[in-house]
Each structure stands twice: as structure tokens, then as C-alpha cells.
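These notes are about the structure you will find just below.
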Ligand SMILES: Cc1cc2nc3c(=O)[nH]c(=O)nc-3n(C[C@H](O)[C@H](O)[C@H](O)COP(=O)(O)OP(=O)(O)OC[C@H]3O[C@@H](n4cnc5c(N)ncnc54)[C@H](O)[C@@H]3O)c2cc1C
């Protein structure tokens, strides 16, 4: 088992520098254009696929890095480039993690390659859990999956919302209710293969930030998928449901792990790392600006009021990164999150990104408020981190419940 270390090995440093180069040379220069267009930056994804950054191999290499630092390091560098474009590049990863967390080896081998496509014909994937009435409250999910035994098919009906890449994805991973009596324990995840009849895109959202990333509703009307599209398989599902029914009298349905939560647990430190990338990018712009902008005959950083803000910004970014790396190392080495360390890392890093990007706007003065300078976009982008993959309030609930053992509401 890998010891926790802050020393990146030579391979990790090489990957980090390579990603940084891609973020600086390809992502950053395209950021403003795709933010304005509010469209998926297909040419940039294609470029990432050509050099091997948008691929199952690359993702798996980072995911299985025994130190746990591969994914957070990659996320930080790509999101340092630009959050909207980076989410378009890594959004497929959320669906891939859904399959890795719940799927059989055969399902992993069949579906993950179809999520990415190939450099000549790139594809994306979507993970669809949230619904109009089931955001933080995953237990309120209504999308139903009913088994048609005669045909060995599952029939899905419902409306998903806020799905990154929803409707434009080649493969959709859909979480649905298979047993409404069991609350969140009665959920299961399904693959909806390319071009399946009955799946359509609903509203595409016009957003405040990360505008290069496509976010939309996904409507499921009598969507029929083969039995083999149930992630993990029917036998495993039946056994899990039987256990949940046994415990149902004791209220285990509310507290149990469920398909969507398994995905979120694995991805929370990764979202923290995205936030660190955005915060670091804004901090660097603000530091440069403060050293070169002169007022009252001296650089504005000469004022403690500015210099101390920069000192706090950098301290908080480093603290956020440490929490993220610790959580990723714990997850990879199989250490249980006994103090909700995954949620802690996401909470602190996302709040830091919001605060630091707001300070960066202030340090740039009028320029910070314009689209001529990137901190305006970074500040809008940072707002997402305290919302998706569990809001800050939900992270605090998870942490408080874990620490106290009490059912805090
Ligand atoms: C750009 C974007 C991309 C997304 N991508 C995906 C995706 O790919 N797949 C997917 O499934 N989902 C996705 N989401 C959905 C996201 O995870 C949800 O928006 C999020 O979980 C919050 O749900 P909600 O929006 O319904 O807010 P609500 O749950 O309605 O929350 C509203 C407010 O109430 C607070 N609140 C709720 N319950 C409590 C409580 N018990 N205690 C204290 N405060 C509480 C919340 O913290 C929040 O401040 C995405 C969302 C966005 C905006």
C-alpha cells in the first residue's frame, strides 16, 4: 500500500508538466471563445483525444495510480486551463466511474470504450442521476426501471435533469428506481446504449459559468434496454434488494449506500481538485496583476491590504490541495472515510475557489469586472463547485453526521 507522500515521482511530474502544457497552449487560448459560444468545444476534445488526454487509457492510468494522486493532479492542471472546456474533456469520466464502480468486467470492457470513441470520431458520455424533484434528495428519485422478464429487457421512464453531456452523449448511464419501497436502496444504474429509441434531450440550460460544458434534461419514454445493461447484473441486484428488504424494518433504506452515492463518493475529491485548479489560475492572474499595476506611485501589492489577501488566497489553495490529496490517497488505498474526508476536501476546495476568484476580481479592479481578463470567467465558473456533486450544505451534513453519529437534519 502506498504511503502518503507530497513528493511526486518522476512519472507523475512528467504527466503533470505535459498536462500543464496542453492546458496552457490549447485550453487557455480557446477558453473565452467557447464560453461565449456556450457550446461543446468538440475541436478541443478532439485535440485532447489525439494527444491521448481524452482516452480510457489515460483516465484509467490516473485512476489506478497507486498513490491516489493521478486524478487530482490531472484535474487541477486541466481546470487551471479552463473549467468549462476541462469539464467537457473530463465529463465523460463521471459516467465511466459509474460503470467502474458498479459494472461487471464485461460491462466495463464493452461500454467505456464507446463512451470515449476514438481520436477520429470522439464521443462523450453522461451520468444521469438528478431529477427536477430529486437533487440533493436522491431518495425522491422517480425515474422507474421495470423488468420485462419475457424479453429480458428493462423499461425506463422518467425525466433526468442537469445531465452533463445529456442528450449529446453516445452512452448514457441512468440511475433509476427498481423498488420504490426501499427508498435510495431500491436504485440501480443502467447503460442506455447509443441510438436507443425513447431517449431524447429536453431543455439545454443557459448557464452562469462553465458555459462550454453542455448541461441538459434527458427524457426517457419507454426506453427498452437489454437485461445486460443493468450495471452489476440481475443476480447481484436481486441479492442486494433482498438484503435491503430484510433490513427495511430498521430504516436501513435511508442510510444505505446506493448506486448514485457510490459514484459521488469516488468523485468528490476529484471535484475538489477541479476547484483547486480554478482557484490557482485566478490567484496567479491576481498576483501578476498586483505586482505590475501601479497606483499612488507604487505597485498595488505594496499595500498590505492587497498583499495579505494574496497570502491568504495562496494559503487556502494549498490547504485545499492537501485535503484533496489526502482524500484521494485514502480512497485509493482503501482507507475508510471515517471523518467524511472526501466531503471535507470537496467542501473546503469549492468554497476556497469561490472566495479566491471573488478576491481576484477585486484585486483587478475594473479590469476584473470585464471579459477582457479571465478572472471574470473564473469567478462565474467557480460557482459550480459548491453546487454539483453535492452542495456545500450537503457536504456539511455528511461531515456532521459522520462525526457525530447523529441523524442531523
Ligand atoms: C452545471 C451542472 C452540471 C451538473 N451535472 C450533473 C450530472 O452530470 N449528473 C447529475 O446527475 N447531476 C448533475 N448536476 C446536478 C447537481 O448535482 C445538483 O444540482 C445538485 O445536487 C443540487 O441539487 P438541486 O439543484 O436540485 O438543488 P436542491 O437540492 O434543490 O438544493 C437547493 C438548496 O437547498 C439546499 N439544501 C437542500 N437540502 C438541504 C438540507 N437537507 N440541509 C441544508 N440545505 C439543503 C442546497 O444545499 C441548496 O443550497 C449538475 C448540476 C449543474 C448545475
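Couple of notes before you dig in:
- Qualifying positions in region 337-388 - out of contact with any helix residue (DSSP H, G or I) (no Cβ under 8 Å at 6 or more places or on another chain) and within 16 Å of the ligand (Cβ to nearest atom): 380, 387
- So residue 173, is it buried (at least 21 other Cβ atoms within 10 Å of the Cβ) and more than 11 Å from the ligand (Cβ to nearest atom): no
- Number of residues in region 22-39 that are within 13 Å of residue 82 (Cα to Cα) and surrounded by 13 or more Cβ atoms within 10 Å (Cβ to Cβ) equals 12.
- Any hit, region 160-170, residues being touching a helix residue (DSSP H, G or I) at 6+ places or on another chain (Cβ under 9 Å), in a strand (DSSP E or B) and in contact (Cβ under 8 Å) with a residue 24 or more places away in the chain: yes
- Flag if residue 397 is in a helix (DSSP H, G or I), within 16 Å of the ligand (Cβ to nearest atom) and surrounded by fewer than 19 Cβ atoms within 10 Å (Cβ to Cβ): yes
- Matching residues in region 195-228 - criterion: being buried (at least 20 other Cβ atoms within 10 Å of the Cβ) and in a loop (DSSP other than H, G, I, E, B): 209, 210, 211, 212, 213, 214
- The single condition from (1) in a helix (DSSP H, G or I); (2) surrounded by fewer than 22 Cβ atoms within 10 Å (Cβ to Cβ); (3) in contact with a helix residue (DSSP H, G or I) (Cβ under 7 Å, 6 or more places away or on another chain) that residue 305 fails is (3).
- Matching entry among 139, 135, 81 (being within 14 Å of the ligand (Cβ to nearest atom) and in contact with a helix residue (DSSP H, G or I) (Cβ under 7 Å, 6 or more places away or on another chain)): 139
- Selection from region 113-126 of residues that are outside any helix (DSSP H, G or I) and over 9 Å from residue 92 (Cβ atoms): 117, 118, 119, 120, 121, 122
- When region 400-409 is limited to residues that are within 12 Å of the ligand (Cβ to nearest atom) and in a loop (DSSP other than H, G, I, E, B), the one that is surrounded by the most Cβ atoms within 10 Å (Cβ to Cβ) turns out to be 408.
- Taking residues in region 346-362 that are surrounded by fewer than 24 Cβ atoms within 10 Å (Cβ to Cβ), and partners anywhere that are modelled with pLDDT of 95 or more and outside any helix (DSSP H, G or I), the pairs with Cβ atoms closer than 8 Å and at least 6 places apart or on different chains are 361/369.
- Long-range neighbours under 7 Å by Cβ, at least six apart or interchain, first residue assigned by TED's automatic domain parsing to the domain that holds residue 272 and under 30 Å from residue 215 (Cα atoms) within region 385-409, second part of a loop (DSSP other than H, G, I, E, B) and more than 8 Å from the ligand (Cβ to nearest atom): 397/408; 398/340; 399/340
- Total residues in region 101-132, condition within 16 Å of the ligand (Cβ to nearest atom), over 17 Å from residue 164 (Cα atoms) and free of Cβ contacts under 8 Å to residues at least 40 places away in the same chain: 0
- Filtered residues of region 199-224 (kept if closer than 22 Å to residue 99 by Cα and either away from the ligand (no atom under 16 Å from the Cβ) or in the same structural domain as residue 115 (by TED's automatic domain parsing) (or both)): 200, 223, 224
- Just one of (1) at pLDDT below 95; (2) closer than 21 Å to residue 385 by Cβ fails for residue 6. It is (2).
The values are calculated or read from the model by the stated rules, or taken from the named source; none is laboratory data. All of these numbers come straight from a predicted model, not from anything done at the bench. Note that we place each Cβ from the backbone using ideal geometry, even for glycine, and neighbour counts take in every protein chain shown.
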